[in-house]
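Worksheet: one structure, shown below.
The values are calculated or read from the model by the stated rules, or taken from the named source; none is laboratory data. All values reported here derive from a predicted model rather than from experimental measurement. Here the Cβ is made from the backbone with ideal geometry for all residues, glycine too, and neighbour counts use every protein chain on show. For accessibility, only protein heavy atoms count, side chains too; no ligands or nucleic acids. Shrake-Rupley method; radii C 1.70, N 1.55, O 1.52, S 1.80 Å.
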Amino acid sequence: MDSSGIPSTGQILLLASSSALSALLYSVYRKKASIAARLSEAKKISLDQDLQSILAEAPGKCIPYAVIEGVVRSVKDTLNSQFVDSCQGVIARLTLKEKKMVWNRTTHIWYDYEKVIHQRTNTVPFDLASHDDTITATVRVIRPLDAELVLEKTYENFHQATSSFTSIVGHFLSGERPQGVTEVEEMLRLGASITGVGELVMDGGVVRLQPPKQGLRYFLSSLDYDALLESHKSSVRFWRVLTALMGLAAFATVAYVLWKRYTWHREKKKEREMIEEFEEQRRTRTAGEDEAVQVGACVMCLSQQRSCVFLQCGHVCACWQCYRMIPVPKKCPVCRATIDRVVPLYNS
């Protein structure tokens, strides 16, 4: 805080950044908490022979947000892994990631950089079936790529980049050193256990799981329902603690700025009181002296009568004690002329 009592630029920036970050973290926390709350309210439906009768009795043959667990079964075609024999699935994603070292011109260090240079996802229609093979009821999964889905990694290989002497020199000059390309294949395999959370609807005798409305999240997770719900609750607790810590930091910053401003005002008030007290004492002391003392008082101590004449300027302005206190070379306190000699003054 500067001399005028205004918070410094650093304090303003700290307060603004901590407040903005607190608001951002709070919004993320509210969003996570809302997802976990709606997920906990989702209706859990068993994948059995009573599934169609339950939907037939539901309003509009639809359950807006339902949880259903089953295993992946293909409708007709399947996808084969390009790298692993006898590995079949219904969703296959091939990703190529370029990895390189990049020179930071600010920090003057090399850091790892990775970006996706190609990604292709193939999918075929599939159902969720019961773990019990004797149950024939199935649920058709609609638009699975719109769901939060973590695929199983079936293949990963890193292809090292080859470099010549000329290319190495060029890489150092350009500030980029390619290291290679990572090839990753991920699949949703046949027989995998999946927990689906979304809108469950029956249309033409076919039960479908599709993305829910009203902004609800669509899930296709390899975790069971309890584990999925617990993971989201853990995320909510993490963001709540992080938001609370950042909120405390913002509150501490505000308290510090207010305390500094209060301290500044208190010091200024104390300074004003001291000046007023000094002026009052000076007025009281001056008012108690008679007219003769006021006129003939020494200009230096304001308490003794003037008792000497300074030559050559001729000023009568000080008492003998104050004259002796004037440093060498002695000069008149009125006109700053050099004092050659002093003549005592006798008032009769």
(message) Going by what's in this entry, would LYS115 be described as in a strand (DSSP E or B) and open to solvent by 70 Å² or more (accessible area, probe 1.4 Å)?
(response) yes
(request) Examine the stretch 40-47 for a residue that is open to solvent by 90 Å² or more (accessible area, probe 1.4 Å) and in contact (Cβ under 8 Å) with a residue 40 or more places away in the chain, and state whether such a residue exists. (result) yes
(message) With the condition being at pLDDT 90 or above, touching a Gly at 6+ places or on another chain (Cβ under 9 Å) and among the β-branched types (Val, Ile, Thr), I'd like the strands (runs of 3 or more DSSP E) fully within the stretch 189-237 carrying at least 1 qualifying residues.
(response) 193-203
(request) Quick one: in the stretch 61-75, of everything that is open to solvent by 70 Å² or more (accessible area, probe 1.4 Å) and out of contact with any Pro (no Cβ under 7 Å at 6 or more places or on another chain), which residue is nearest to GLN160 (Cα to Cα)? (result) ARG73
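The rows are residues; the columns are (1) farther than 30 Å from VAL254 by Cα; (2) assigned to a helix (DSSP H, G or I); (3) not hydrophobic (A, V, I, L, M, F, W, C).
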| site | (1), (2), (3) |
| --- | --- |
| GLN11 | no, yes, yes |
| LEU15 | no, yes, no |
| ALA20 | no, yes, no |
| ALA36 | yes, yes, no |
| VAL71 | yes, no, no |
| ASP85 | yes, no, yes |
(request) Filter the stretch 128-164 down to residues that are farther than 29 Å from ASP85 by Cβ, in contact with a strand residue (DSSP E or B) (Cβ under 7 Å, 6 or more places away or on another chain) and either modelled with pLDDT under 90 or not basic (Lys, Arg) (or both), then give me how many there are. (result) 3
